[in-house]
Amino acid sequence: MEAPKLRPTCCFWEGKLSPICSRWDLPSLEVDDKSAASQSLWALAFKNLMSANRKGSRRFNEGGKSHQLRVGDTVMHRKNLVSNKAHNVTAKMLMRWSEPLIISKFLNENNVLLVKPGTGAIVRKAHVSQLKRCVD
């Protein structure tokens, strides 16, 4: 949770209980009580939990940026480079980006299916963060 006042123990029991305690006196809460005080307590608890959820979501999503890729765009994907001493291959000398490929379809919001431009053969699936537009 974001703030100390939004912890579950503070929301539900106004800080009277500690999560460290091994025994909680739950019958004293009278969960089945339909009084106005009980209803207001649960409404406040729900409001505090929703507020904490919004704050957490806002903080989680603040660094993201949307992509501008579409089906049919020509892109290159970033390769995973690995050195191989047996074959005398040094990763720093290899090409970091693949040959131009075409986005065939979006598998979900951030994953695409890549195909070869001439043959239409499926090459691989890739995350949009591993792609860059290919300038012809």
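We did not get these values from a lab; they are worked out from the coordinates using the rules stated. Computed from a predicted structure; not experimentally measured. A quick note on method: Cβ atoms are made from the backbone with ideal geometry, for glycine too, and the neighbour counts reach across all protein chains shown.
Work out the charge dipole of the range 74-133 with +1 on the Cβ of Lys and Arg and -1 on the Cβ of Asp and Glu about the Cα centre, then indicate which of Thr90, Thr119, Thr74 is farthest towards its positive end. So the residue we want is Thr90. With a simple spin-label model that places each label point 7 Å from the Cα along the Cα-to-Cβ direction, the separation between Ala121 and Glu99 comes to 0.9 nm.
As a rough footprinting exposure proxy, the listed residues Val71, Val112, Val82 were ranked by other beta carbons within 10 Å of their own, and the order from fewest upward is Val82, Val71, Val112. Between Arg133 and Phe106, the distance separating the two model label sites (each 7 Å from Cα on the Cα→Cβ line) works out to 1.6 nm. Distances between placed amide hydrogens fall under 5 Å for Lys79 paired with Trp97, Ser98, all partners being 5 or more residues away or on another chain. Close amide H pairs (under 5 Å, H built 1.01 Å from N) link Val123 with Leu114, Val115, Lys116, residues at least 5 positions away or on another chain. Pairs Lys65/Lys105; Lys34/Lys55; Lys65/Lys92; Lys55/Lys105; Lys79/Lys105; Lys55/Lys79: which are spaced more than 32 Å apart, C-alpha to C-alpha? Violating the 32 Å Cα-Cα cut-off are Lys55/Lys105; Lys55/Lys79.
When only the Cβ of Lys, Arg, Asp and Glu is charged (+1, +1, -1, -1), the dipole of the range 29-135 relative to its Cα centre reaches about 740 debye.
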